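Structure record follows, encoded as structure tokens.
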Amino acid sequence: MHSPDDAPDSLPRRTFLRIAGLTGAGWIVGTAGLTLAESVAGKLFMPVNDRLDALLLNPQKLIPEFPVSAIEPAALIENTFRFIPRIDRAAFRLTIDGAVNQPLSLDLASIQQMPLTSMVIRHVCVEGWAAIVQWGGIRLRDLIQLAQPKADVRYVYIQSADGYYESWDLASALHPQTLLAYQMNGAPLPAKNGAPLRLASPIKLGYKQSKWVTGITLVSELSQQKGYWEDLGYEWFAGL
Amino acid sequence: MLTSGLQIYNANPVFGGREGFHFPFVGLLGGWLAGGRHWHFAAMWFFSLNLLWYGVYVLATQRWKHRYVGGNDIKALQQSKNLKRRFYAWHRIAYTSIIPILLLALLSGIGMYKPAQFHWIVDFFGDWFALRVVHFLTVPTVIVFAIVHSWLALKAGGERLVDSMFLEQ
């Protein structure tokens, strides 16, 4: 029925080796070339993916939490881009400014007098690992409301004592589970985890959750600088 | 998807964490974590939309009735003396089983990409580690499938079948 040429065994060894070699070389050259174009892929698809993230976010919906027994203290890895800043707790002030009617400068005692929210959530890192953590602190939305934001506010900048900077969309900043935390896993927040104040939220990747927060600035437009890692190429919205 | 996925894997290997095995740099896509993520989350659109078109096509044209493994293939494997028919049965088993694997890759990927909005996906797989393992295991599965599938296609239909897939007859 078939001529001998039709048999699969007829692929000559030489031809096979040539095809295999070309495939391997094409793969290496191809991935190297496409790697050079990684920022193009990012520029083309990041706006689409950022928009998808914003669509998926329901600003009022609470993300399900975990029982205290599910906390994984050993799974949390501390990533720091420079150093752990030394902060004098007595002299510490958190400022809230920008497009607000009532700029604030708060010491730690007055922050700790505000209503405490505790949550056990999954902290997800861009690197792929995750850890279930308990965070206790004040809701960022309570603080923003105290400062009386102007009507055109759309973004929130967060400055840290070590020079790290971040920006969030307002809806995520106002989410009821976005906290400025001063407790972790039932104890006072350790310095390496961001004491005296850090961001904690189940709806953003870890690099959005600034440690050693000293300043909150409400704005209507994003500047060229969107965040330390974002300016190097990471996604800006980084929603979970 | 595979090469940029392994680039992301290297940022924190599923097995062993930072001390775990890292894939060699050559042949990976993205150059660093953000680059790997850019390609992965660009390619995910083509991957998922392709799966969607395929699903619509198979359903709309009613090809699902004859395309996948059926009782006749199992019967052929048990009874047929015709070697080609038996290879064809294996071929259809492989072809059918890759579809749930691809869907699993997509589902576990969405669970890892948006674990807060789709927390039920993470719960479905058990926990975070299980989710990562399943997503990763689709890589060797797809590679093995590609090899076995090509080999079975050659065995079952020879070059005429392969040509019919890629060339106008």
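Summary of values
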quantity: Close pairs from the range B:110-136: first on the phi < 0 side of the Ramachandran plot and of a type outside the set (D, E, K, R), partner part of a helix (DSSP H, G or I) and at pLDDT below 90, Cβ under 7 Å, at least 6 apart; calculated: B:Gln117/A:Leu56; B:Phe136/B:Tyr9
quantity: Filtered residues of the range B:31-44 (kept if in a loop (DSSP other than H, G, I, E, B) and at the interface with chain A (Cβ under 7 Å from one of its Cβ atoms)); calculated: B:Gly31
quantity: Extreme residue, farthest from the chain's Cα centre (by Cα), among residues of the range B:1-25 that are assigned to a loop (DSSP other than H, G, I, E, B) and facing chain A (nearest Cβ under 8 Å); calculated: B:Asn12
quantity: Odd one out for B:Leu59 among (1) surrounded by fewer than 19 Cβ atoms within 10 Å (Cβ to Cβ); (2) at pLDDT 85 or above; (3) within 14 Å of chain A (Cβ to nearest Cβ); calculated: (3)
quantity: Condition broken by A:Ser172, with the remaining ones in (1) touching a Lys or Arg at 6+ places or on another chain (Cβ under 8 Å); (2) in a helix (DSSP H, G or I); (3) more than 22 Å from A:Met184 (Cα to Cα) satisfied; calculated: (3)
quantity: Residue within the range B:157-167 that is touching a Ser or Thr at 6+ places or on another chain (Cβ under 7 Å) and closer than 24 Å to B:Phe47 by Cα present; calculated: no
quantity: The listed residue being among the charged types (D, E, K, R) and within 14 Å of another protein chain (Cβ to nearest Cβ), out of A:Lys208, A:Lys192, A:Lys150; calculated: A:Lys208
quantity: Extreme residue, nearest to A:Gly233 (Cα to Cα), among residues of the range A:18-59 that are of a type in the set (Lys, Arg) and at pLDDT 80 or above; calculated: A:Arg51
quantity: Residue within the range B:67-82 that is assigned to a helix (DSSP H, G or I), of a type outside the set (D, E, K, R) and within 14 Å of chain A (Cβ to nearest Cβ) present; calculated: no
quantity: Filter result (assigned to a loop (DSSP other than H, G, I, E, B), among the charged types (D, E, K, R) and in contact with a Phe, Trp or Tyr (Cβ under 8 Å, 6 or more places away or on another chain)) within the range A:103-144; calculated: A:Asp107
quantity: Any hit, the range B:19-29, residues being within 21 Å of A:Leu44 (Cα to Cα) and surrounded by 15 or more Cβ atoms within 10 Å (Cβ to Cβ); calculated: yes
quantity: Residue ID - farthest from the other protein chains (Cβ to nearest Cβ), chosen from residues in the range A:46-61 that are surrounded by 12 or more Cβ atoms within 10 Å (Cβ to Cβ) and outside any helix (DSSP H, G or I); calculated: A:Pro59
quantity: Residue list for the range A:41-89, filter: in contact (Cβ under 8 Å) with a residue 24 or more places away in the chain and among the aromatic types (Phe, Trp, Tyr); calculated: A:Phe66, A:Phe81, A:Phe83
quantity: Any hit, the range A:143-157, residues being crowded, with 17+ Cβ neighbours inside 10 Å and without any contact (Cβ under 8 Å) to a residue 60 or more places away in the chain; calculated: no
quantity: Failed item in (1) surrounded by 12 or more Cβ atoms within 10 Å (Cβ to Cβ); (2) of a type in the set (Ser, Thr, Tyr); (3) in a helix (DSSP H, G or I), with A:Thr23 passing the rest; calculated: (1)
quantity: Where B:Leu28 falls short, out of the listed (1) within 13 Å of another protein chain (Cβ to nearest Cβ); (2) touching a Lys or Arg at 6+ places or on another chain (Cβ under 7 Å); calculated: (2)
quantity: Matching residues, the range A:211-240, being farther than 19 Å from A:Leu143 by Cα, more than 11 Å from every other protein chain (Cβ to nearest Cβ) and not charged (D, E, K, R); calculated: A:Leu222, A:Ser223, A:Gln224, A:Gln225, A:Gly227, A:Tyr228, A:Trp236, A:Phe237
quantity: Candidates A:Ala238, A:Ala187, A:Ala171, filtered to the one that is surrounded by fewer than 21 Cβ atoms within 10 Å (Cβ to Cβ) and either closer than 18 Å to A:Arg51 by Cβ or of a type in the set (Val, Ile, Thr) (or both); calculated: A:Ala171
quantity: Subset of the range A:103-142 that is polar (S, T, N, Q) and surrounded by fewer than 17 Cβ atoms within 10 Å (Cβ to Cβ) - its residue that is farthest from A:Phe92 (Cα to Cα); calculated: A:Ser118
quantity: Of the criteria (1) among the aliphatic types (A, V, I, L, M); (2) within 23 Å of B:Ala34 (Cα to Cα); (3) in contact with a His (Cβ under 9 Å, 6 or more places away or on another chain), which one A:Val124 fails; calculated: (3)
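The values are calculated or read from the model by the stated rules, or taken from the named source; none is laboratory data. Because the structure is a prediction, the values reported are computed rather than measured. No Cβ is skipped: glycine too gets one built from the backbone with ideal geometry, and neighbour counts run over all protein chains shown.
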